[in-house]
Amino acid sequence: MIGFVKGFNNTLRCLDILREGLKKLEYRGYDSVGIAVVVDRDIIVVKDVGVVDDVIQDIDALSLDGYAAIGHTRWATHGRPSKENAHPHMDCFKKIALVHNGVIENYIDLKKLLSGESHVFLSETDTEVVVHLIEHFKRTGMGSFEAFKKAISMVRGSYAIAAIDVDEPNKIFFARNISPLVIGVGDDINFVSSDITPFIRYTDKVIVLNDGEIGYISSDRVYIETVDGRVVDASLRVKTIDISVKDVEKRGYMHYMAKEIMEQPYALAQTFSVLQTQDISQILKTLEEAKKIYIVGAGSSYHTSLLGAISFKRFLGIDVEALIASEFKTASRAIRWGDVVVGISQSGETIDTLLALREAREKGAKTIAVVNNPFSTIAREADYVVSMGAGPEIAVAATKTFTTQVLTILYIVAKLGERIGSIDINHKAMLQGIKMSYEIAQKALDISIDNSKKVAYRLADKHSTYYLGRLFAVPIAMEGALKLKEVAYIHAEAYPAGESKHGPIALIEKDFPVIFIYIGFLDEAIESNIEEMKARDAWVATIASEDMIYGSIARYSDIAIKMPRAPLEARLITYAIPLQLIAYSTSIVKGIDPDKPRNLAKTVTVI
């Protein structure tokens, strides 16, 4: 979502800001789009199923040039994709328009209440309830902001809400709970948005709203208060962001995903540099004293969690458990005072991870956030924060944030090994291996681009694929499988290679594609796994170091992507790169836009 209020002397056109802002949000995925503008004493709403350019292409820019406006792109949750269900939604008298991200949990109860008060609903959405609730309280004589606050107080669930009202034509009212919402503070114009990308061209001044905060913007004011009515000094919350317009543009690439894959050498070097400037001594002390360590994440961040858990065990002999954030409640009964829970999140706004860390703190555990955004909700609420330096990642499929997350976790392991004096690792050599990753990443890109296309042509007409590895390679295989599912719409399953004979091998038939990721352990075992797949006429691709492709690995691989020789740490960080390129190339061969995978969304709030 995006909303803005501009001053009377501001010459920027509403429609231009809305169109550009909504297009910047297209990376999040959507099925419908809509805008609402206060013009004179009316609100003009245009919305429909479709893409931004199609829905608002025929609008007369001059006739729609007001001073306050909101816009929204929607993925269907409550109600099918339709013009009626698209945002913004309006009240019965067409005097209030509202957009919303999140889920209103008690909307059915509220709808029953309002239906009894003669409110007429035009959509199937949970969102429409909120705008009618505001109308309901305005009918009692409340002013616009008081009615807005009263309505929000009755809503349960996750929400980022922005609303305009003809009775307060130069304001946008907003509220945030769990779902991200940020304010852009400009010159004679202020913004409210689900992330920074829609307004980065106009201002680098940002306020990140906290849960339970509510308020309004005008062209020259930001007013915020807490859920208990305490007024917040907004001027003290303004941060200057270190991101330019170029950082959130494609810069000559066909897709953001391609750009971000190719940015990984720089992102890794930058992250290593950023980590060295951070004092993590208290974090290391907390980990050293922990009774039990858990690492939680969702999607790609969960795969980093798994790789982190293996690294803690293998390098330090410390028992660490990786958990899927959405399943944390099941394990949380075992959380005790003195435990430590590490939450990994690209955006720092992943709801499942946020809720897991909140529950961990309630049970007395210390929490550590590993994020790409030090000002995010997860970072603000955690006891300690480790910040990456990957830069903004716009594509839905994680690429550079996955490899920089892995680098960050390995850095923590190496520094903890140095602190506790572990005899199992040479921490200086480990740090050197981590530092080398950006050089190895560039070589990996150069090696993998052509080979990934060859693999892509083999995968494009397949319905299923296996990604196999052992030990450290298993989470990397899982990441590769996830990428293929996300952007190429091909079912892919990853599992430890030794598990083939326990069921999965039953699916192998002629030319069934199997991709092996070989990090460098259990040589004879991985050779045996490749042989048993090839014996059943599978098509085999192997990713391994150039000095490890010999014997059965060389003989039975239909294609081998020969990665550069590198220390183990650099291999762990960079072996996802050819898998990312395979997924990207396969999507291109199939004619799929990898930046807009169906049914998926993402939050970018890097500051």
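A short reminder: the numbers here are calculations on the coordinates, not readings from a lab. Keep in mind that this is a model prediction, so the values were computed, not measured. Backbone-built Cβ (ideal geometry, glycine too); neighbour counts: all protein chains shown.
Shape class for the stretch 378-453, computed from the alpha carbon gyration tensor (a ≥ b ≥ c): oblate, with a/c not under 1.5 and a/b at or below b/c.
Helix-only mean residue ellipticity at 222 nm, the chain, DSSP H runs n ≥ 4 weighted -39,500 (n - 2.57), per residue, nearest 500. What is it? Please list the in-between numbers first.
Details: 20 runs with 218 residues, N = 607.
When only DSSP H runs of four or more count, the value is -11000 deg cm²/dmol.
Global size of the chain: 25.5, 83 Å for Rg and Dmax (C-alpha atoms, Rg to one decimal, Dmax whole). Using C-alpha pairs under 8 Å with a sequence gap of at least 6, the mean separation divided by the residue count of the stretch 374-431 gives a relative contact order of 21 percent. Computed from the C-beta positions of E532 and E288, the FRET efficiency with R₀ = 45 Å rounds to 0.55.
Neighbour counts of C-beta atoms inside 10 Å place E135, E509 in the sequence E509, E135, starting with the fewest. When only Cα pairs below 8 angstrom with a gap of at least 6 residues are kept, the chain shows a relative contact order of 12 percent. Kirkwood analysis of the stretch 250-435, using all unique Cα-Cα pairs, places the hydrodynamic radius at 16.4 Å.
Pairs from the list K47/K171; K435/K596; K329/K562 with a Cα-Cα gap above 30 Å: K435/K596; K329/K562.
I'd like to compare 455-467, 112-124, 571-583, 86-98: which one has the highest average count of other Cβ atoms within 10 Å, and what's the full order after that?
On the way: 455-467: 18.7, 112-124: 13.0, 571-583: 28.7, 86-98: 22.9.
Output ranking for 455-467, 112-124, 571-583, 86-98: 571-583, 86-98, 455-467, 112-124.
Subtracting the Cα-Cα distance of K112 and R598 from their residue separation scaled by 0.36 nm leaves 171.6 nm.
Of all aspartates and glutamates in the structure, those lying under 12 Å Cα to Cα from K83, and not within fewer than 8 positions of it along the same chain, are D31, D48, E124.
Protection proxy ranking, highest mean first, for peptides 77-85, 192-200, 523-531: 192-200, 523-531, 77-85, where packing is the per-residue count of other beta-carbon atoms within 10 Å, averaged.
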